[in-house]
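K.L.:
First the structure, which I've put down as structure tokens, then a few questions once you've had a look.
The values are calculated or read from the model by the stated rules, or taken from the named source; none is laboratory data. None of the values given here were measured: they were computed from a predicted structure. Note that each Cβ is placed from the backbone with ideal geometry, even for glycine, and that neighbours are counted across all protein chains shown.
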Amino acid sequence: MKVTPAAIPDVLVLEPRRFGDERGWFMEIYNRRVFREAGLDVEFVQDNVSRSAKNVLRGLHYQIRQPQGKLVRVLAGAIWDVAVDLRRSSRTYGKWAAIELSAQSPRLAWIPPGFAHGFLVTSDAAEVQYKTTDYYAPEHERAVRWDDPDLAIAWPLSGEPILADKDRRAAPLASAETYA
């Protein structure tokens, strides 16, 4: 597995080897031993899948308690995946990294705990799967505004995004609960 740091070094692009022949292809997306060798000693406890239409923007979500690390991959379509560092003690606090993910590529994104996460669907539709290192805890769920001018995320939008109410009401980073 090839591991490459994104614009924020703690956010990683993982590229598993894809083995193909006339039948199609095979790819191992998670192997605990390989992850440990790559410096990622994580345990996943939950798998989630979402399906979204073009221009759906989900995020930027995080849990203030029970923070989740996420291993993100696209099963169908394409997304622009974004991670925002919410760790005040980090030299990259308030910075963001984006990774293009698609079903056509074997790439995965590793978003460590302490980051807000979101994505924009850039294809007609997308199915996104992500493994998490902690369980979903709605009482601890928070969101940062996707269009916060202090973050200045360069979303590749074509028109207005389709948002959930919680994402429309999200706080800007300056007033959001963040990590130490």
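K.L.:
Looking at the stretch 5-34, I want the residues that are farther than 28 Å from residue 87 by Cβ and have a partner that is in a loop (DSSP other than H, G, I, E, B) and modelled with pLDDT under 95 with Cβ atoms under 6 Å, at least 6 apart or on another chain. Which pairs are those?
P.N.:
18/106; 27/16; 27/106; 28/16
K.L.:
Here is a follow-up. Criterion first (farther than 23 Å from residue 180 by Cβ, among the polar types (S, T, N, Q), touching a residue at least 12 places away in the same chain (Cβ under 8 Å) and not in a loop (DSSP other than H, G, I, E, B)) does residue 129 satisfy it? I'd like the intermediate steps shown before the answer.
P.N.:
Working: farther than 23 Å from residue 180 by Cβ: yes; among the polar types (S, T, N, Q): yes; touching a residue at least 12 places away in the same chain (Cβ under 8 Å): yes; not in a loop (DSSP other than H, G, I, E, B): yes.
In short, yes.
K.L.:
Inspect the stretch 57-79 for any residue being under 30 Å from residue 149 (Cβ atoms), hydroxyl-bearing (Ser, Thr, Tyr) and surrounded by fewer than 15 Cβ atoms within 10 Å (Cβ to Cβ) and give the result as yes or no.
P.N.:
no
K.L.:
I need the full set of residues from the stretch 104-140 which are among the small types (Gly, Ala, Ser) and surrounded by fewer than 16 Cβ atoms within 10 Å (Cβ to Cβ), in order please. Give the derivation first.
P.N.:
Narrowing the stretch 104-140 to residues among the small types (Gly, Ala, Ser): 105, 109, 114, 116, 118, 123, 125-126, 137.
Selection gives 105, 125, 137.
K.L.:
Residue pairs, Cβ under 6 Å, 6 or more apart or interchain, first in the stretch 79-107 and in contact (Cβ under 8 Å) with a residue 40 or more places away in the chain, second of a type in the set (Lys, Arg) and surrounded by fewer than 16 Cβ atoms within 10 Å (Cβ to Cβ). List them.
P.N.:
What qualifies is 85/95; 106/18.
K.L.:
When you look at residue 149, is it assigned to a loop (DSSP other than H, G, I, E, B) and either closer than 22 Å to residue 14 by Cα or in contact with a His (Cβ under 8 Å, 6 or more places away or on another chain) (or both), yes or no?
P.N.:
Details: assigned to a loop (DSSP other than H, G, I, E, B): yes; either closer than 22 Å to residue 14 by Cα or in contact with a His (Cβ under 8 Å, 6 or more places away or on another chain) (or both): no.
No: the conditions fail for residue 149.
K.L.:
Turning to a different aspect of this structure: Write out, first by first residue and then by second, each pair whose Cβ atoms fall under 7 Å of each other, whose residues are 6+ apart or on separate chains, and whose first residue, in the stretch 138-154, is in contact (Cβ under 8 Å) with a residue 12 or more places away in the chain and more than 15 Å from residue 165 (Cβ to Cβ) while the second is surrounded by 17 or more Cβ atoms within 10 Å (Cβ to Cβ) and β-branched (Val, Ile, Thr).
P.N.:
Close Cβ pairs (under 7 Å, with a partner that is surrounded by 17 or more Cβ atoms within 10 Å (Cβ to Cβ) and β-branched (Val, Ile, Thr)) amount to 144/84; 151/84; 153/82.
K.L.:
Could we say that residue 143 is under 23 Å from residue 49 (Cα atoms), touching a His at 6+ places or on another chain (Cβ under 8 Å) and either surrounded by 18 or more Cβ atoms within 10 Å (Cβ to Cβ) or of a type in the set (Val, Ile, Thr) (or both) here? It would help to see each step written out before you state the result.
P.N.:
Working: under 23 Å from residue 49 (Cα atoms): yes; touching a His at 6+ places or on another chain (Cβ under 8 Å): yes; either surrounded by 18 or more Cβ atoms within 10 Å (Cβ to Cβ) or of a type in the set (Val, Ile, Thr) (or both): yes.
Answer is yes for this residue.
K.L.:
Just to confirm my filter: which strands (runs of 3 or more DSSP E) fall fully inside the stretch 7-87 and include at least 1 residues that are more than 26 Å from residue 137 (Cα to Cα)? Please lay out each step first, then the result.
P.N.:
Working: elements: 12-15, 18-21, 24-27, 46-53, 57-63, 70-76, 78-85.
Of the strands (runs of 3 or more DSSP E) lying wholly inside the stretch 7-87, those with at least 1 residues that are more than 26 Å from residue 137 (Cα to Cα) span 12-15, 18-21, 24-27, 70-76, 78-85.
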